[in-house]
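J.: After the structure tokens below, expect a handful of questions from me.
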Amino acid sequence: MTTTTFSSLLEHPWVVDPSDATDSHTISYNPATGEPIAAVRRQTNEEYNDQVARSNAIFKEWRMLPAPKRGELVRRIGNAFREYERPLGELVAMEAGKIIAEGIGEVVECIDIADFAVGLSRQLYGLTIASERPRHAMMEQWQPLGTIGIISAFNFPVAVWAWNSMLAAVCGDTMIWKPSSTTPLTAIAMTNVAHEVMRNQDIFTPEHGDPCDVFGLVFGSREEVGEPLLADRRIPLISATGSCKMGRRVGEVVGGRLAKSLLELGGNNAIIIMDDADLDMVIRGTLFGAVGTAGQRCTSTRRLLCHESVVDEVTNGLLKAYEQVQIGNPLDDSTLMGPLITEYAVEDMRNALVQAKEEGCEILCGGIEGIERWADRPGNFVEPTIVKVPRGTQPEVTKDETFAPILYIFTISDLDEALEMHNNVDQGLSSAIFTNSMRSAGRFLSPEGSDCGIANVNIGTSGAEIGGAFGGEKDTGGGRESGSDSWKVYMRRQTCTTNWSDEMPLAQGIEFG
Ligand code: NAD
């Protein structure tokens, strides 16, 4: 496949050939080859302010369009994603380094969430509530919030925006998207698709302004764009996906102005493997969880808490499976693992492995030697790595999220020990248990079980469906997006009481005057 299949999606005044890049441009590199793909001009603070003003202005008319009509436009955007599924998937593969199947999978997630949002556009339900006063009616309704900010991480360069924007759009919000500095091209392509639909329709024809400003995009430095977005009182909600470090900063600034934030931050996800688990399923579930997206998913499996009676068999099974993993060009169908996003990510992996060794761990495959084996070739390639943790210990390195394909194997003697170790990390995103015992599964899903936002039985930690609410607890930030009732965060709740009597009774029976 060549770049020509998606080049039309990149037609945009900000995008130039890398050879024409100036100091005001950021070059987007292909992490598999180290070659530049294109350069994108960063916006100034003035341009940022202008986009927010336009998105605020168009909100005034967008919020008054009936929600099912907003849903009809989202339906058309979802259909446009279908048309561009392959080229968008290729672009994700090329810019983020995901293998093509996962790149296309991400676009499928965008299509799915658009479908979900279309249905939702007719289901923004409120409640009716019994009033204590005669001839009074109480209800709760949901109103659009305003222009929301979406900050996305590099590793889901299209789906995170879609999870937020498709829901926010049917809820009547407009939005400003600030993508990762490593994946601006996918952001431009997705925005182009949405704008093409918004330009060629007659459902939303505002008296003032451009319908495209419903889906605003900004790309710029932390100083000119990132920090101003956090501090901007014109933005009532910031939905931010990224590292815990970034989330702390967002929480501090957005909380400081008493606005809402939806935080989707790092994970440190574990699978508990009991002595009665189906080990074939364990190997398959762990392989996808630990090696998929080269360990660069927020839900990647980072820790295996394995019962002492099966730990050797599981370890050997995984070592065998890891030998089969094809590493290479993400656009080749036979590749199972692409590169890490940057050379800094490779360094982070190396540092974590040095620390693991210092803390007494044993590297069983991949490791620093694996990094060295790829060092002379172009691209940020590493090898998937398995690390054995000394029994009864929980090294500090295993309590952090290293965004790389490192799997730590722990040996545990029972579910008590497994749960203790499982929950003894700062992050709380995704978790799983493999067992055929309904008692073990039931306990894992009970209040004394997993403390994560996602808890699975007999499937791995990654690959969530869009129908459920997605997110995690503790340092993962507590946000929920995508399915279930996550839409409520994009709206403001309004409690309304109507008095249809000719009396003026007060609540709590208060007599006044
Ligand atoms: P990152 O924290 O480096 O960057 C994420 C985004 O935040 C980028 O757009 C970045 O430009 C922006 N950002 C950083 N500091 C900012 C500031 N001060 N003001 C405004 N914007 C700022 O994360 P990354 O390396 O792109 O992504 C990997 C991380 O994201 C991992 O920790 C992963 O677990 C997490 N992640 C979480 C989820 C989830 O849903 N929980 C999903 C995907 C990724």
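The values are calculated or read from the model by the stated rules, or taken from the named source; none is laboratory data. Computed from a predicted model, the values in this text were never measured in an experiment. Cβ: placed from backbone, ideal geometry, glycine included. Neighbour counts: every protein chain shown. Areas reflect the complete protein model, heavy atoms only, side chains present, ligands, DNA and RNA absent. Shrake-Rupley method; radii C 1.70, N 1.55, O 1.52, S 1.80 Å.
J.: Only one of (1) within 16 Å of the ligand (Cβ to nearest atom); (2) part of a helix (DSSP H, G or I); (3) touching a strand residue (DSSP E or B) at 6+ places or on another chain (Cβ under 6 Å) is not met by residue 282, so which one is it?
T.: (1)
J.: Residue under question is residue 240, and the condition is that it be more than 30 Å from residue 318 (Cβ to Cβ) and within 12 Å of the ligand (Cβ to nearest atom); does it hold? Don't jump to the end; show me each part of the working.
T.: Details: more than 30 Å from residue 318 (Cβ to Cβ): yes; within 12 Å of the ligand (Cβ to nearest atom): yes.
Spelling it out, residue 240 is indeed more than 30 Å from residue 318 (Cβ to Cβ) and within 12 Å of the ligand (Cβ to nearest atom).
J.: Checking residue 121 against (1) farther than 19 Å from residue 260 by Cα; (2) open to solvent by less than 30 Å² (accessible area, probe 1.4 Å); (3) within 20 Å of the chain's Cα centre (by Cα), which test does it fail?
T.: The single condition residue 121 does not satisfy is (3).
J.: If residue 501 satisfies all but one of (1) at pLDDT below 95; (2) part of a loop (DSSP other than H, G, I, E, B), what's the number of the condition it fails?
T.: With (1) at pLDDT below 95; (2) part of a loop (DSSP other than H, G, I, E, B) applied to residue 501, the lone miss is (1).
J.: Give segment 11-35 a look and list any residue that's under 13 Å from residue 91 (Cα atoms) and either in contact with an Asp or Glu (Cβ under 9 Å, 6 or more places away or on another chain) or at pLDDT below 95 (or both), or say none. Reasoning before the result, please.
T.: Going residue by residue through segment 11-35, those that are under 13 Å from residue 91 (Cα atoms) are 28-32.
Those that are under 13 Å from residue 91 (Cα atoms) and either in contact with an Asp or Glu (Cβ under 9 Å, 6 or more places away or on another chain) or at pLDDT below 95 (or both): 28, 29, 30, 31.
J.: May I pose another question? Which of the residues spanning segment 38-70 are out of contact with any Gly (no Cβ under 8 Å at 6 or more places or on another chain), among the small types (Gly, Ala, Ser) and either assigned to a helix (DSSP H, G or I) or under 23 Å from residue 208 (Cα atoms) (or both)?
T.: Within segment 38-70, 53 is the sole residue that qualifies.
J.: For segment 254-268, give me each residue that is crowded, with 24+ Cβ neighbours inside 10 Å and more than 18 Å from residue 427 (Cα to Cα).
T.: Answer for segment 254-268, where residues must be crowded, with 24+ Cβ neighbours inside 10 Å and more than 18 Å from residue 427 (Cα to Cα): just 254.
J.: Residues 259, 277, 270: which one is touching a helix residue (DSSP H, G or I) at 6+ places or on another chain (Cβ under 6 Å) and on the phi < 0 side of the Ramachandran plot?
T.: Details: 259 fails: touching a helix residue (DSSP H, G or I) at 6+ places or on another chain (Cβ under 6 Å); 277 fails: touching a helix residue (DSSP H, G or I) at 6+ places or on another chain (Cβ under 6 Å).
Selected residue: 270, the only one of 259, 277, 270 that is touching a helix residue (DSSP H, G or I) at 6+ places or on another chain (Cβ under 6 Å) and on the phi < 0 side of the Ramachandran plot.
J.: Also, quick follow-up: Looking at segment 79-101, is at least one residue charged (D, E, K, R) and more than 24 Å from residue 335 (Cβ to Cβ)?
T.: Taking segment 79-101 and keeping what is charged (D, E, K, R), we get 82-83, 85-86, 90, 95, 98.
Going one step further and asking which of them are more than 24 Å from residue 335 (Cβ to Cβ), we end up with 82-83.
Yes, because at least one residue in segment 79-101 is charged (D, E, K, R) and more than 24 Å from residue 335 (Cβ to Cβ).
J.: Shifting gears a bit: Could you tell me which numbered condition residue 424 fails, if it satisfies all but one of (1) under 23 Å from the mean Cα position of the chain (by Cα); (2) open to solvent by 20 Å² or more (accessible area, probe 1.4 Å); (3) away from the ligand (no atom under 12 Å from the Cβ); (4) within 27 Å of residue 248 (Cα to Cα)?
T.: Every condition holds for residue 424 apart from (1).
J.: Checking the conditions here, which among 439, 443 is more than 17 Å from residue 303 (Cα to Cα), free of Cβ contacts under 8 Å to residues at least 24 places away in the same chain, assigned to a helix (DSSP H, G or I) and more than 16 Å from the ligand (Cβ to nearest atom)?
T.: Details: 443 fails: free of Cβ contacts under 8 Å to residues at least 24 places away in the same chain.
Selected residue: 439, the only one of 439, 443 that is more than 17 Å from residue 303 (Cα to Cα), free of Cβ contacts under 8 Å to residues at least 24 places away in the same chain, assigned to a helix (DSSP H, G or I) and more than 16 Å from the ligand (Cβ to nearest atom).
J.: Anything in segment 426-443 that is closer than 30 Å to residue 347 by Cβ and touching a Ser or Thr at 6+ places or on another chain (Cβ under 8 Å)? List them, or say none. Even if it seems obvious, please write down each step before you answer.
T.: Filtering segment 426-443 down to residues closer than 30 Å to residue 347 by Cβ leaves 426-432.
427, 428, 429, 430, 431, 432 - these are the residues of segment 426-443 that are closer than 30 Å to residue 347 by Cβ and touching a Ser or Thr at 6+ places or on another chain (Cβ under 8 Å).
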